[in-house]
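Trainee: Here you go, one structure.
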Amino acid sequence: MATLQIYDKLLQFSLFQGMSRDDLELVAGHTRFGFVKVQQGKTVVKEGAACTHLYFLINGTIRVESRSDDHSYTVIEQMQAPYILQPEAIFGYQQRYTQTILAQTDTNFITIGKDEVVRLSEDFLVFRLNLLNIFATQTQKLARQYWRHYPQSLRERLIRFFVQHSVYPAGPKMFHILMNQLAGELNDSRLNVSRVLNEMQADGLIILHRGRIEIPLLERILMS
């Protein structure tokens, strides 16, 4: 990929926004980039794999699978370019992916190794601040969850469960979870959970399948 093309692709991502043209040209011309093409249906990264590179999705759509610790339920989402795969996993106590990511369509990625990420952070203040902002924003969002008003109704608790278990609070989602499991997560009866889910289906917000809850657009649930 030519330097000019790399320059244009980098501008799509928050890590490089705010950098001067001269700095971006230096990054594009002097950074060791990898270029990965993953065909539709193939695995990009697997849950538990070591995170040694940042993956920048520049073309295509990916399928993100997030699982509970005991693997009793799974949430599936779709993400489109531009998107960075779990940037928080490259540093910290556990430097491993917590999601399995597959190519929903043919996809293209730019990759940057951890050593290059460290070098870019040392050489370019804006890159370092952007990286810190990503980590700080995630931390702040998690910290605020404990201080939000506790939902009173079962419907509100269901909505909170859907949102808190989504990577991105919009778009289509698929929850692979049994009704008994969901009732246990919400500390309510299976009958009550089933009743509220059927009400939400009647409102056109979700589609119920055996062992699956399909959410066409999560933002519609948030606005209901």
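Trainee: Might you report the magnitude of the Cβ-based charge dipole of the chain about its Cα centre, with Lys and Arg at +1 and Asp and Glu at -1, to the nearest 20 debye?
Mentor: Working: 24 positive and 22 negative charges, 101 e Å.
Dipole magnitude for the chain comes out near 480 debye.
Trainee: Also, quick follow-up: Which value, in Å to one decimal place, does the Kirkwood hydrodynamic radius take for the chain when every pair of different Cα atoms is included? Numbers along the way, then the final one.
Mentor: On the way: mean 1/r = 0.0516 Å⁻¹.
Its Kirkwood hydrodynamic radius stands at 19.4 Å.
Trainee: How large is the charge dipole for region 43-157, taken about the Cα centre, if only the Cβ atoms of Lys, Arg (+1) and Asp, Glu (-1) carry charge, to the nearest 20 debye? Don't skip to the answer; put the middle values down first.
Mentor: Working: 12 positive and 12 negative charges, 84 e Å.
Dipole about the Cα centre, nearest 20: 400 debye.
Trainee: Can you compute the FRET efficiency between residue 115 and residue 161 using 1/(1 + (r/R0)^6), with r the Cβ-Cβ distance and R0 = 35 Å? Round to the nearest 0.05.
Mentor: Numbers: r = 39 Å, r/R0 = 1.13.
Step by step, r from the Cβ atoms, then E = 0.35.
Trainee: Further, regarding this structure: Tell me, what is the per residue accessible area of the chain in Å², probe radius 1.4 Å? Before the final figure, lay out the partial values.
Mentor: Details: 12530 Å² over 224 residues.
Accessible surface, normalised per residue, equals 56 Å².
Trainee: Exposed loop sites here are trypsin sites (Lys or Arg not before Pro) in DSSP loop states with at most 12 other C-beta atoms within 10 Å. What is the longest stretch of the chain lacking them? Display every interim value, and only then the final one.
Mentor: Details: sites that count: 32, 42, 148, 210.
Of all site-free stretches, the longest is 43-147.
Trainee: Next question. Given a 1.4 angstrom probe, I'd like the percentage of the accessible area of the chain that is carbon and sulfur, rounded to a whole number. Let's see the in-between values first.
Mentor: Values: 6300 of 12530 Å².
Answer for the chain is 50 percent, counting heavy atoms of protein chains only.
Trainee: Kyte-Doolittle cut-off 0.0, length cut-off 24 Å along the helix's own axis using Cα: show which whole DSSP H helices in the chain pass.
Mentor: Numbers: long enough: 125-145 (30 Å, 0.24).
Result, helices passing both filters: 125-145.
Trainee: What distance in nm separates the simple spin-label points at residue 122 and residue 222, each placed 7 Å from Cα in the Cβ direction?
Mentor: 3.9
Trainee: Here is a further query. Taking the Cα-to-Cβ direction at residue 96 and at residue 212 and moving 7 Å from each Cα, how far apart do the two end points lie in nm?
Mentor: According to this spin-label approximation, the distance is 2.8 nm.
Trainee: To continue, here is another question. Heavy-atom accessible area of residue 70 with all protein chains present, probe 1.4 Å, nearest 10 Å²?
Mentor: Here the residue's solvent-accessible area equals roughly 110 Å².
Trainee: For the chain, what does -39500 (n - 2.57) per DSSP helix run (n ≥ 4), summed and divided by total residues, give at 222 nm, in deg cm²/dmol to the nearest 500?
Mentor: Numbers: 8 runs with 87 residues, N = 224.
My calculation for the chain gives -11500 deg cm²/dmol from helical runs alone.
Trainee: Return the FRET efficiency for the residue pair residue 180, residue 140: r is the Cβ-Cβ distance, R0 is 35 Å, and the value is rounded to the nearest 0.05. It would help to have the intermediate numbers written out before the result.
Mentor: Details: r = 35 Å, r/R0 = 0.99.
E between residue 180 and residue 140, to the nearest 0.05, is 0.50.
Trainee: Cα-Cα over 23 Å: which of 9/173; 9/37; 46/141; 9/46? Let's see the in-between values first.
Mentor: On the way: 9/173 27 Å; 9/37 15 Å; 46/141 25 Å; 9/46 25 Å.
The answer is 9/173; 46/141; 9/46.
Trainee: OK, next. Counting other Cβ atoms within 10 Å, keep those with at most 12, restrict to DSSP loop, and tell me which chymotrypsin sites (Phe, Trp or Tyr not before Pro) in region 99-170 are left. Mind dumping the intermediate values first?
Mentor: Values: sites: 109, 124, 127, 135, 146, 147, 161, 162; in loops: 124, 146, 147.
Those satisfying the criteria are 146, 147.
Trainee: Treat every Asp and Glu Cβ in region 115-195 as -1 and every Lys and Arg Cβ as +1, leave all other atoms uncharged, and give the resulting dipole magnitude about the Cα centre to the nearest 20 debye. List each step's numbers first, then the result.
Mentor: Numbers: 11 positive and 7 negative charges, 116 e Å.
In debye, rounded to 20, region 115-195 gives about 560.
Trainee: Please name whichever of 118, 107, 150 sits farthest to the positive end of the charge dipole of region 22-154, dipole taken about the Cα centre and charges placed at Cβ: Lys and Arg +1, Asp and Glu -1.
Mentor: 150
The values are calculated or read from the model by the stated rules, or taken from the named source; none is laboratory data. What you are looking at is a predicted structure, and each value in this text was computed from that prediction instead of being measured. Please note: Cβ atoms are built from the backbone with ideal geometry, for glycine as well, and neighbour counts cover all protein chains shown. The area values use the complete protein model at the heavy-atom level, side chains included, leaving out ligands, DNA and RNA. Shrake-Rupley method; radii C 1.70, N 1.55, O 1.52, S 1.80 Å.
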